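Take a look at the structure set out below.
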Amino acid sequence: MKHGTGAVLLALSLMASPSAHADSDSGAAKFVSGAGTAIYLGVGTLLPLLKDGKDGKERSIRIADSVLTSTLISEVLKNVVHEKRPDGSDNKSFPSSHATAAFAVATMQSHYHPKQALLWYGGATLIAASRVQLDKHHWHDVAAGAALGYFVSKFELKRPRGLLLTPFIHNKGARHTSTGLSLTRTF
């Protein structure tokens, strides 16, 4: 089993732990689900600009591309599935976009910094668990969101020029460059 896949399975098994839901503090869950998520996504996307030298800009753009692509897919699925949230607030429970974006960042950062994988996946797991604690999602919603973020990021990493932000991602071995913004891709 590859390192990243093992980390995802560990994170998902931690989310499924009954004690994580029973002993959580609602105030902490609200912070993690709100400002904590924004901080996590912002740091995860922008940190390469500060820490990764000449590769930092490229990595930040690729992380943003992965988050944007996976979140867009998540939002489309929400509008197709129409699953009611546990708190009854609306019909956009499946999949969790918070978990999708958090696991997209975790997967990308773990690829670039394998020694930090546990930190990144741990943060993503806390975000996903907070959504369940707040009755915004069922466990299967956050598990599906986590899988979506993970697999879109893995696909992103296999593509030489990314997915949606291809004009801004430079393939060092490519001879030709394109201009403009690509909003669709054929998969």
Give all pairs with beta carbons closer than 9 Å in which a residue from segment 96-107 that is more than 13 Å from Ala144 (Cβ to Cβ) and in a helix (DSSP H, G or I) meets a residue that is modelled with pLDDT of 95 or more and among the charged types (D, E, K, R); count only pairs at least 6 apart in sequence or on separate chains.
Thr107/Lys154
If you check every pair at least six apart or on different chains, which have Cβ atoms under 8 Å apart with a residue in segment 78-95 that is within 15 Å of Leu148 (Cα to Cα) and among the charged types (D, E, K, R) first and a residue that is open to solvent by less than 70 Å² (accessible area, probe 1.4 Å) and assigned to a loop (DSSP other than H, G, I, E, B) second?
Lys78/Ser93; Lys78/Phe94; Lys78/Pro95
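Quick check: anything in segment 70-81 of a type in the set (Gly, Ala, Ser) and within 15 Å of Val152 (Cβ to Cβ)? It would help to see each step written out before you state the result.
Initial filter on segment 70-81 (of a type in the set (Gly, Ala, Ser)): 70, 74.
From what's left, within 15 Å of Val152 (Cβ to Cβ): 70, 74.
Within segment 70-81, one or more residues are of a type in the set (Gly, Ala, Ser) and within 15 Å of Val152 (Cβ to Cβ).
Here's the yes/no breakdown for (1) touching a Ser or Thr at 6+ places or on another chain (Cβ under 8 Å); (2) among the small types (Gly, Ala, Ser); (3) closer than 27 Å to Val81 by Cβ; (4) modelled with pLDDT under 65:
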position: Asp135; (1), (2), (3), (4): no, no, yes, no
position: Asp141; (1), (2), (3), (4): yes, no, yes, no
position: Tyr150; (1), (2), (3), (4): yes, no, yes, no
position: Ser153; (1), (2), (3), (4): yes, yes, yes, no
position: Glu156; (1), (2), (3), (4): yes, no, yes, no
position: Leu163; (1), (2), (3), (4): yes, no, yes, no
position: Gly180; (1), (2), (3), (4): no, yes, no, yes
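The values are calculated or read from the model by the stated rules, or taken from the named source; none is laboratory data. Small disclaimer: the values here were computed from a predicted structure and weren't measured. Note that each Cβ is placed from the backbone with ideal geometry, even for glycine, and that neighbours are counted across all protein chains shown. Note: areas computed on protein heavy atoms with side chains; ligands, DNA, RNA excluded. Shrake-Rupley method; radii C 1.70, N 1.55, O 1.52, S 1.80 Å.
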